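Take a look at the structure set out below.
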Amino acid sequence: MRARELAALRQGWGWSGVDFVEIEAHSLFGHVLAIDALGVYHYLDPELLSLERLGDEKAAQAHMALRETQIIWRADAHVEAATERLGATLVGEVYGFQPKALVEGDYATDNMIRLPLAEYIRFTGDLANQIKDLPEGAQVSIKVTD
């Protein structure tokens, strides 16, 4: 299950040193709950370009039960706006934001995209890796290639 997405997670976020073995769940906006080879749960937040170590299953359940996490995970207003602008997602697709919008933190409807989850995981991981050592407020130039 989710072999393509798991491969993308390993490829895009492998630089983090986490050996992912399973994707437990994902949201309509590409947030991912994943498990590593040691059984540790991790939360991938593509908007923040971050990967958070949660701990064991109980810790992951506690994190996912938080009201703030539920609001972010469901993203009701974003999902409604994206569905209206881009149409419903197909199997394996999620909504997300253009790379420039992620770097700038500009989550306006005009910056929303619909794409395969595997592609979103991969490019957010690549982007996070490229900017991880930049100081806050640094100028960046994004070039998109096929």
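The values are calculated or read from the model by the stated rules, or taken from the named source; none is laboratory data. All values derive from a computational prediction rather than experimental measurement. Neighbour counts are summed over all protein chains in view; Cβ atoms, including those assigned to glycine, are modelled from backbone coordinates with ideal geometry.
Restricted to region 5-33, and to residues there that are more than 14 Å from Pro116 (Cα to Cα) and among the acidic types (Asp, Glu), the residue that is farthest from the chain's Cα centre (by Cα) is Asp19. Among the residues of region 89-114, those that are closer than 20 Å to Tyr43 by Cα and either of a type in the set (A, V, I, L, M) or assigned to a helix (DSSP H, G or I) (or both) comprise Val94, Pro99, Leu102, Val103.
Please determine whether any residue of region 123-133 is of a type in the set (Gly, Ala, Ser) and surrounded by 11 or more Cβ atoms within 10 Å (Cβ to Cβ). Yes, region 123-133 has at least one match. For region 56-89, filtering for residues that are without any contact (Cβ under 8 Å) to a residue 12 or more places away in the chain, under 13 Å from Ile113 (Cα atoms) and aliphatic (A, V, I, L, M) leaves 1.
Look at (1) crowded, with 17+ Cβ neighbours inside 10 Å; (2) within 20 Å of Asp19 (Cβ to Cβ); (3) without any contact (Cβ under 8 Å) to a residue 60 or more places away in the chain and you find that Asp36 fails only one, number (1).
Checked against the criterion of being over 20 Å from Glu5 (Cβ atoms), basic (Lys, Arg) and at pLDDT below 95, region 45-61 contains not a single residue that satisfies it. Filtered by the rule that a residue be under 17 Å from Ala25 (Cα atoms) and surrounded by fewer than 17 Cβ atoms within 10 Å (Cβ to Cβ), region 84-114 gives Leu90, Val91, Gly92. A Cβ distance below 6 Å, combined with a sequence gap of six or more or placement on separate chains, defines the contacts here; from region 96-123, residues that are touching a residue at least 60 places away in the same chain (Cβ under 8 Å) reach residues that are surrounded by fewer than 19 Cβ atoms within 10 Å (Cβ to Cβ) and of a type in the set (S, T, N, Q) in the pairs Arg122/Gln11. Scanning region 56-88 for residues that are over 25 Å from Val18 (Cα atoms), part of a helix (DSSP H, G or I) and touching a helix residue (DSSP H, G or I) at 6+ places or on another chain (Cβ under 9 Å) yields His78, Ala81, Ala82, Glu84, Arg85. Which members of region 110-133 meet the condition of being within 21 Å of Val79 (Cβ to Cβ) and either of a type outside the set (Val, Ile, Thr) or modelled with pLDDT under 95 (or both)? Across region 110-133, the qualifying residues are Asp110, Asn111, Met112, Arg114, Leu115, Pro116, Leu117, Ala118, Glu119, Tyr120, Phe123.
One residue stands out in region 75-105 among those that are within 26 Å of Gln11 (Cα to Cα) and of a type in the set (D, E, K, R): the one that is modelled with the highest pLDDT, namely Glu93.
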